[in-house]
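See structure below.
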Amino acid sequence: MRPNLILHVVAKFVIPLIILFALYVQFHGDFGPGGGFQAGVIFSAALILYSLVFGLDAAEKIIPSRWLQKLAALGVVIYAGVGVASLLSGGNYLDYTPLGSNQVAGQHLGILLVELGVGITVAAVMLILFFTFAGRGRD
């Protein structure tokens, strides 16, 4: 792959902005449109862009496949853990009210953690799929 100076410069400028937008969507998702799924897709798109511009090997050095598998599982554990914490606090599964000192605080904390788990899992699974398909035929 022949390096293209313009692509490298533009990607180094745009990728941090994409990641920043993903964080905005992630943490603004409980107040407006957005949330974990959208943020996970945007975040993984930034890393996919990085791998398309700088190469698959460079992207795998940033986030190895074994980390992606652990992150995908961690997101599911966070999601399920919020539900179990709700049960242990005397509420229903994924009833966030018992998680805080009042109903509003519990709802805010619960949805924030659930959306974080969803975002981590979506980003990790999308990157696993991309690395799997992009790496076909390599040794």
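Bear in mind that the values in this text are calculations on the coordinates, not laboratory data. Not measured: the values here are computed from a predicted model. For neighbour counting, all protein chains shown are included, and Cβ atoms are generated from backbone atoms with ideal geometry for every residue, glycine included.
Quick one: which residue in Gly135, Gly55 is touching a helix residue (DSSP H, G or I) at 6+ places or on another chain (Cβ under 9 Å) and either in contact (Cβ under 8 Å) with a residue 40 or more places away in the chain or at positive phi (or both)?
Being touching a helix residue (DSSP H, G or I) at 6+ places or on another chain (Cβ under 9 Å) and either in contact (Cβ under 8 Å) with a residue 40 or more places away in the chain or at positive phi (or both) holds for just one of Gly135, Gly55, which is Gly135.
Can you give me the number of residues within the range 82-97 that are under 26 Å from the mean Cα position of the chain (by Cα) and free of Cβ contacts under 8 Å to residues at least 24 places away in the same chain?
Counting residues in the range 82-97 that are under 26 Å from the mean Cα position of the chain (by Cα) and free of Cβ contacts under 8 Å to residues at least 24 places away in the same chain gives 9.
Can you tell me which residues in the range 83-123 are among the acidic types (Asp, Glu) and within 24 Å of Ala22 (Cα to Cα)?
Across the range 83-123, the qualifying residue is only Glu115.
Cβ-Cβ under 7 Å, sequence separation 6+ or interchain: first residue in the range 34-51 and more than 13 Å from Val125 (Cβ to Cβ), partner assigned to a loop (DSSP other than H, G, I, E, B). Which pairs?
Listed pairs, sorted by first residue: Gly35/Gly29; Ala39/Gly29.
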